[in-house]
Amino acid sequence: MYVFRNHTVENLFEEGVRFSGYADVSDIPLADAYIWFYQVPMVLKPEQAEAEIAGIGARLDLVGDRIPSSKPFYIFSLETLLPLRFCDTDHRVAKAMEAVNRQAEAMAERMPNIRLVDFGEFLSQHSPDSWVNWKFYFLSQMVMSPVLAPAFKKWWADRLASLTHARKKCLVLDLDNTLWGGVLGEDGMSGVRMSGDYPGNAFMNFQEGLVALAEAGVILTVCSKNNEADVRELWQKNPFLKLGPKYISAYRINWNNKADNIRELSTELNIGLDSMVFLDDSPTERELVRRLLPMVEVPDFPKRPYELMGFFSDMVEKYFRVYRLTEEDRQKTEQYRANVQRTQARQRFSDLTDFIRNLEIDIEVCRADEFNLPRIAQMTQKTNQFNLTTRRYTEADLAGKMERGDGVYAISVKDKFGDNGLTGVMTVAYEGQTAVIDGFLLSCRILGKGIEDVFLAYMLTRFYENGLKTVKAYYYPTAKNGQVADFYDRHGFRRVGVEQAADTAAVADGTVADSLTGACGTIYELDLNAPAAVADYYHIVNKL
């Protein structure tokens, strides 16, 4: 990373980061990502601070226009570390700061590679008198106290994770003394506490927070040792319940081992155990899941109900925060509930083809644009199981590919049970008469219905109709994508060579499967001699 700055900030970033000169924007060297870390100058006269802040805005404009659109550019909000005011009605510095921050917001709306970072959030976690160590400031222009450097590094690492969509998918919830106070089987439907005075009001607020989390795209499930009939009655009749079946994608309410139940939920929803977080008030149940399912995150649940909101805040921060929500995120609860319905419907058919025909599947094929680009980037960051190369792209990366003439294609899928939204991506580079598929991935929730085969066949036909002669493709094995190891083989591609994964971007969240294949990827080719066939029970809408 390369940091533009107007003070000494080397103590705030890890080794390997490079820095501009103070207030120097004359050079923009090559880097993987860029950071704008300008703060209000430490000057005492308001008119001088106002003028220098305006200069920061001018520099930001200049740099923003010169940063490559294919590179992430993180802009920290402009804050004052010297909140000194001689007159209560003098708002010149505050207004100047607000103008620059609004300028950054406008830039982020125009340019998909820009991400805004609320530096004020970090400052609010620490006392103002700890922000600056004046000894170090006067000795070396160090803008923040070295004492805060470790806390800043951790905070920035968390922010960077949320900026790149690295969050968990699913929250698994116990019921008794977790969603409400008391034990349903002992206290009865009207005896459990989730309203009124303490502790009921604490559980009510906690449920409201979980509802907001579901509306933000987190899958909520229930895993509880209870009588299912009792829970269903509460869901139907208790007027104070905030988190009901409307927000729950799947559940296991029985007396079975909770680790086994969580495994079943993972299978039913077709998500990895490592994407799940388990909440339970019982230390015994938490320890069981930790031991048997070490890939599931199991935070310590608070002992007292009044601690729930602080716990909720910390949990969101650690596991579920993202930079931007997509439309698919907002619809995720309904999408996964519909998937459970599909699974149940599948059991009524003995023939897979009859089941797929009965689903009435619509597949819309389109190009990336300003509206779907955030979701496409999110999919490349999060999809592991059906992912042939596991290349991770930011919005800026994808925009850069399109600027170079590459193709970024996507599919949206719906059927009679509901709309799955944008759930498939293919990235293609064009080299003469050859299409090079350098990325191909599908969401796990639409697998098992042949949609991946249809997407590939449709694109092969498009390549053929556009006069291309050959298709080249890659498969890089990881710890999670073994199910697609023979995907191209099954579609008539021939193996023509191998390529070291270290020479590519095919790193699956840090887990290239060296132990499985020597970190070698397989190179495939296919001659385009005719259109590819697609079964007539798929309805394809062409939006290319």
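Within the set of pairs 6 or more residues apart or between chains, which connect a residue that is under 16 Å from Y393 (Cα atoms) and open to solvent by 20 Å² or more (accessible area, probe 1.4 Å) inside segment 26-37 to a residue that is at pLDDT 90 or above and not in a strand (DSSP E or B) with Cβ atoms less than 9 Å apart?
What qualifies is D32/M1; D32/P72.
Please go through segment 425-438 and pick out each residue that is surrounded by 17 or more Cβ atoms within 10 Å (Cβ to Cβ) and at pLDDT below 95.
The one that is surrounded by 17 or more Cβ atoms within 10 Å (Cβ to Cβ) and at pLDDT below 95: D438.
Provide a single number: the residues in segment 347-384 that are free of Cβ contacts under 8 Å to residues at least 12 places away in the same chain and either touching an Asp or Glu at 6+ places or on another chain (Cβ under 8 Å) or under 24 Å from I219 (Cα atoms) (or both).
The qualifying residues number 2.
So V63 ticks every box in (1) in a loop (DSSP other than H, G, I, E, B); (2) of a type in the set (A, V, I, L, M); (3) open to solvent by less than 20 Å² (accessible area, probe 1.4 Å) but one. Which box is left unticked?
All conditions pass for V63, except number (1).
I'm trying to understand the selection: among the residues of segment 212-230, which are surrounded by fewer than 17 Cβ atoms within 10 Å (Cβ to Cβ) and more than 16 Å from the chain's Cα centre (by Cα)?
A212, N227, E228, A229, D230 - these are the residues of segment 212-230 that are surrounded by fewer than 17 Cβ atoms within 10 Å (Cβ to Cβ) and more than 16 Å from the chain's Cα centre (by Cα).
Might you let me know whether segment 368-386 holds any residue that is part of a helix (DSSP H, G or I) and more than 22 Å from the chain's Cα centre (by Cα)?
No, every residue in segment 368-386 fails to be part of a helix (DSSP H, G or I) and more than 22 Å from the chain's Cα centre (by Cα).
Those residues that are closer than 15 Å to F493 by Cβ, free of Cβ contacts under 8 Å to residues at least 60 places away in the same chain and buried (at least 18 other Cβ atoms within 10 Å of the Cβ), I need them from segment 460-477; list them, please.
V471, K472 - these are the residues of segment 460-477 that are closer than 15 Å to F493 by Cβ, free of Cβ contacts under 8 Å to residues at least 60 places away in the same chain and buried (at least 18 other Cβ atoms within 10 Å of the Cβ).
Of everything in segment 170-210 that's among the β-branched types (V, I, T) and surrounded by 18 or more Cβ atoms within 10 Å (Cβ to Cβ), which residue is nearest to the chain's Cα centre (by Cα)?
First pass over segment 170-210, keeping only residues among the β-branched types (V, I, T): 172, 178, 183, 192.
The next check asks that each one be surrounded by 18 or more Cβ atoms within 10 Å (Cβ to Cβ); those that pass are 172, 178, 192.
Working: V172: 18, T178: 26, V192: 35 Å.
Restricting to residues being among the β-branched types (V, I, T) and surrounded by 18 or more Cβ atoms within 10 Å (Cβ to Cβ), the top hit is V172.
If I ask for residues that are in a helix (DSSP H, G or I) and surrounded by 19 or more Cβ atoms within 10 Å (Cβ to Cβ), which ones from segment 274-294 would you list? Give the steps one after another, and end with the answer.
Here is the first cut: in segment 274-294, the residues in a helix (DSSP H, G or I) are 274-275, 283-292.
Correct list: S275, E285, R286, V289.
Taking the condition of being part of a helix (DSSP H, G or I), open to solvent by less than 60 Å² (accessible area, probe 1.4 Å) and at pLDDT 80 or above, how many residues in segment 486-511 meet it?
Total satisfying the criteria: 3.
Tally the residues that are farther than 23 Å from T470 by Cα and in a loop (DSSP other than H, G, I, E, B), restricting the search to segment 387-435.
Final tally of qualifying residues: 5.
For segment 147-169, give me each residue that is touching a helix residue (DSSP H, G or I) at 6+ places or on another chain (Cβ under 8 Å) and either open to solvent by 60 Å² or more (accessible area, probe 1.4 Å) or not hydrophobic (A, V, I, L, M, F, W, C) (or both).
Selection gives V147, K153, D158, T164, H165, A166, R167, K168, K169.
Quick one: would you say A94 is closer than 19 Å to D397 by Cα, out of contact with any helix residue (DSSP H, G or I) (no Cβ under 7 Å at 6 or more places or on another chain) and among the hydrophobic types (A, V, I, L, M, F, W, C)?
no
Looking at segment 318-335, which of its residues are open to solvent by 70 Å² or more (accessible area, probe 1.4 Å), out of contact with any strand residue (DSSP E or B) (no Cβ under 7 Å at 6 or more places or on another chain) and part of a helix (DSSP H, G or I)?
K318, R330 - these are the residues of segment 318-335 that are open to solvent by 70 Å² or more (accessible area, probe 1.4 Å), out of contact with any strand residue (DSSP E or B) (no Cβ under 7 Å at 6 or more places or on another chain) and part of a helix (DSSP H, G or I).
Please go through segment 108-119 and pick out each residue that is part of a helix (DSSP H, G or I) and modelled with pLDDT of 95 or more. If you could, list the steps in order and put the result at the bottom.
Taking segment 108-119 first, the residues part of a helix (DSSP H, G or I) are 108-110, 119.
Once the filter is applied, which keeps residues that are part of a helix (DSSP H, G or I) and modelled with pLDDT of 95 or more, segment 108-119 yields only F119.
Which one of these is among the small types (G, A, S) and assigned to a strand (DSSP E or B): S20, S26?
S20
Of the residues that sit in segment 127-159 and are within 28 Å of the chain's Cα centre (by Cα) and in contact (Cβ under 8 Å) with a residue 24 or more places away in the chain, which one is farthest from I35 (Cα to Cα)?
In this case the residue turns out to be A151.
Of everything in segment 336-346, what is β-branched (V, I, T) and either open to solvent by 80 Å² or more (accessible area, probe 1.4 Å) or without any contact (Cβ under 8 Å) to a residue 60 or more places away in the chain (or both)? Give them in sequence order.
None - no residue of segment 336-346 is β-branched (V, I, T) and either open to solvent by 80 Å² or more (accessible area, probe 1.4 Å) or without any contact (Cβ under 8 Å) to a residue 60 or more places away in the chain (or both), so the list stays empty.
Among the numbered criteria (1) out of contact with any Lys or Arg (no Cβ under 9 Å at 6 or more places or on another chain); (2) open to solvent by 70 Å² or more (accessible area, probe 1.4 Å); (3) outside any helix (DSSP H, G or I), which one does Y306 miss?
(3)
Given the condition open to solvent by less than 60 Å² (accessible area, probe 1.4 Å) and touching a strand residue (DSSP E or B) at 6+ places or on another chain (Cβ under 6 Å), answer yes or no: does some residue in segment 92-104 qualify?
Yes, segment 92-104 contains at least one residue that is open to solvent by less than 60 Å² (accessible area, probe 1.4 Å) and touching a strand residue (DSSP E or B) at 6+ places or on another chain (Cβ under 6 Å).
Take Y464 and tell me if it is modelled with pLDDT of 50 or more, among the hydroxyl-bearing types (S, T, Y) and under 25 Å from Q381 (Cα atoms). Before the answer, list the steps.
Details: modelled with pLDDT of 50 or more: yes; among the hydroxyl-bearing types (S, T, Y): yes; under 25 Å from Q381 (Cα atoms): no.
So Y464 fails the test.
Somewhere in segment 123-146, is a residue surrounded by fewer than 18 Cβ atoms within 10 Å (Cβ to Cβ) and under 30 Å from M402 (Cα atoms)?
No, because not a single residue in segment 123-146 is surrounded by fewer than 18 Cβ atoms within 10 Å (Cβ to Cβ) and under 30 Å from M402 (Cα atoms).
Do we find that G209 is in a helix (DSSP H, G or I) and in contact (Cβ under 8 Å) with a residue 60 or more places away in the chain in this structure?
It is true that G209 is in a helix (DSSP H, G or I) and in contact (Cβ under 8 Å) with a residue 60 or more places away in the chain.
Just checking, does segment 73-92 include any residue being assigned to a helix (DSSP H, G or I), in contact with a Leu (Cβ under 7 Å, 6 or more places away or on another chain) and at pLDDT 95 or above? Steps first, please.
Here is the first cut: in segment 73-92, the residues assigned to a helix (DSSP H, G or I) are 92.
From what is left, the residues that are in contact with a Leu (Cβ under 7 Å, 6 or more places away or on another chain) are none.
No, segment 73-92 contains no residue that is assigned to a helix (DSSP H, G or I), in contact with a Leu (Cβ under 7 Å, 6 or more places away or on another chain) and at pLDDT 95 or above.
The values are calculated or read from the model by the stated rules, or taken from the named source; none is laboratory data. No experiment lies behind these values; they were computed from the predicted model shown. Every residue, glycine among them, receives a Cβ derived from its backbone with ideal geometry; neighbour counts consider all protein chains shown. SASA here: full protein model, heavy atoms, side chains in, ligands and nucleic acids out. Shrake-Rupley method; radii C 1.70, N 1.55, O 1.52, S 1.80 Å.
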